[in-house]
Amino acid sequence: MAIKEAALALLSAVFIDYDADAATKLLAPDYIQHNPNLPTGAAAITGAIPALEEAGLTVETHRIFAEGDFVVMHNTYTNAEFFGAPTLVAVDVLRMEDGVFVEHWDNLQIPPEVTASGRSMTDGPTEITDLDKTADNKAVVEGFVNDIFLGGKLDKAADYIISEPGAYAQHNPLVPDGLESLDFAFKNIFGADPTFTIHTLHLIVAEGNFVFTATEGVLGGEPTAFFDIWRLEGGKIVEHWDVIESIPGEMAHDNGKF
């Protein structure tokens, strides 16, 4: 089974069909869990399925892309009180070995009713294109993260992001569309927080026109994980989604957030 097909099958088994046997076939017994609130191991997932079914928790996948052993899914969970809120937007990342999933990372965020751009946290294009440009697009996003997020070189943003007014489609709830709004956000929204930093790029996954990055930093004085999805056209970033989650000091395992 191809990795994207397997990932969707796992989500279906756990959150739609509530089928522990089907989920078990797709998970390594020593499955490494990075969600802070779930114990590590496949048994923690399959053992939770009766509670998920009782809650009526379900999932919708908006976009999915993969590179090598990694698959990235942009999801919405509903009836998700089990995870802390009625509705949660998530980016889930799975790693596969020998046909089963061996590791999982995620970020979860409550979606607001109103956003600065008028876009939701999940709407927008989903089609994977430009497969021949995967490596180039990955390099563009890696350069952006290193220069802008880690290096703070805001004057270089136009090297990576489409610069026509309003052309950059933004799904972060606090930031309007356009390169000019991103500059404003970094200087006045995030920049107003003296603790805001992004210091480590942990993971980057790309397929065609979509690139995912997982970075770590500090926001509001709290250790924070930033999961970002970028869409590119013509060698420039044209659209951005993110899910941001604080990293708790105590977790249900010893694997850490990353």
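The values are calculated or read from the model by the stated rules, or taken from the named source; none is laboratory data. Computed from a prediction, not measured in an experiment: that's the story for all the values here. Glycine gets a Cβ as well: all are built from the backbone with ideal geometry, and neighbour counts include every protein chain shown. These area figures cover heavy atoms from the full protein model, side chains too; ligands, DNA and RNA do not enter into them. Shrake-Rupley method; radii C 1.70, N 1.55, O 1.52, S 1.80 Å.
Give me the percent of the accessible area of the chain that comes from carbon and sulfur atoms, probe 1.4 Å, all protein chains in place. Don't jump to the answer; show the numbers that get you there.
Numbers: 5800 of 11110 Å².
The C+S portion of the solvent-accessible surface of the chain is 52 percent.
Is the stretch 43-94 best put as rounded, prolate or oblate by its Cα gyration tensor, with a ≥ b ≥ c the root eigenvalues, rounded for a/c under 1.5, and otherwise prolate when a/b is larger than b/c, oblate when not? Please list the in-between numbers first.
On the way: a/c = 2.83, a/b = 1.54, b/c = 1.84.
Judged from the Cα gyration tensor, the stretch 43-94 comes out oblate (a/c at least 1.5, b/c at or above a/b).
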*asked:* Please compute the contact order of the stretch 1-156 in relative form: average sequence separation of alpha-carbon pairs under 8 Å and at least six residues apart, divided by the residue count, as a percent.
replied: 18 percent
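Taking only protein heavy atoms into account and a 1.4 Å probe, give the accessible area per residue of the stretch 65-163 in Å².
45 Å²
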_Segment residue 19-residue 174, length gained on full extension (0.36 nm per residue, minus Cα span)_ = 52.0 nm
*Relative contact order of the stretch 138-258, defined on C-alpha pairs under 8 angstrom at six or more residues apart (%)*: 22 percent
*Cα-based radius of gyration of the stretch 6-83 once divided by 2.2 N^0.38 Å, which approximates compact folds*: 1.06
*Shape of the stretch 1-144, Cα gyration tensor, a/c cut at 1.5*: oblate
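Rounded to the nearest 500 deg cm²/dmol, what is the calculated helix-only ellipticity per residue at 222 nm for the chain, with -39500 (n - 2.57) per DSSP H run of length n ≥ 4?
Mean residue ellipticity at 222 nm (helix-derived): -6000 deg cm²/dmol.
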*How far is helix 134-144 tilted, in degrees, relative to the longest principal axis of the Cα atoms in the chain, given as a value from 0 to 90 rounded to the nearest 10?*
60 degrees
_Using C-alpha positions alone, give me the convex hull volume of the stretch 116-167 per residue in cubic angstrom._
122 Å³
_Given 133/257; 4/156; 156/187; 4/25, the pairs whose alpha carbons are separated by over 25 Å_ = 133/257; 4/156
*Cα-based Rg and Dmax for the chain, where Dmax is the largest Cα-Cα distance (Å)*: 18.0, 53
*Summed side-chain charge close to residue 143 - residues other than residue 143 whose Cβ falls under 15 Å, Lys, Arg +1, Asp, Glu -1*: -1
*Point-to-point label distance, residue 136-residue 202, nm (Cα→Cβ direction, 7 Å offset)*: 3.1 nm
*Once the stretch 93-192 is represented by equal point scatterers at the alpha-carbon sites, with solvent omitted, what log10 I(q)/I(0) does the Debye formula produce at q = 0.16, 0.18, 0.20 Å⁻¹?*
-0.94, -1.13, -1.27
*Taking the Cα centre of the stretch 159-224 as origin, work out the dipole magnitude from +1 charges on Lys and Arg Cβ and -1 charges on Asp and Glu Cβ, in debye rounded to 20.*
100 debye
*Determine the distance separating the Cα centre of the stretch 27-52 from the Cα centre of the stretch 106-184; give it in Å without decimals.*
32 Å
*Gain in length, residue 129 to residue 114, computed as 0.36 nm per residue apart minus the alpha-carbon separation, to one decimal in nm?*
2.4 nm
_Cα-based Rg and Dmax for the stretch 51-132, where Dmax is the largest Cα-Cα distance (Å)_ = 14.6, 45
*Kindly report, to the nearest 10 Å², the accessible surface of residue 133 as traced by a 1.4 Å probe over protein heavy atoms only.*
80 Å²
*Taking square-rooted eigenvalues a ≥ b ≥ c of the alpha carbon gyration tensor, is the stretch 100-141 rounded, prolate or oblate, where a/c under 1.5 means rounded and, failing that, a/b exceeding b/c means prolate?*
oblate
*With both partners inside the chain, how many of the DSSP beta bridges are antiparallel, as a percent to the nearest 5?*
90 percent
*Starting from the Cα gyration tensor of the stretch 150-258, multiply each eigenvalue by 5, take the square root, and state the resulting semi-axes largest first in whole Å.*
25, 18, 11
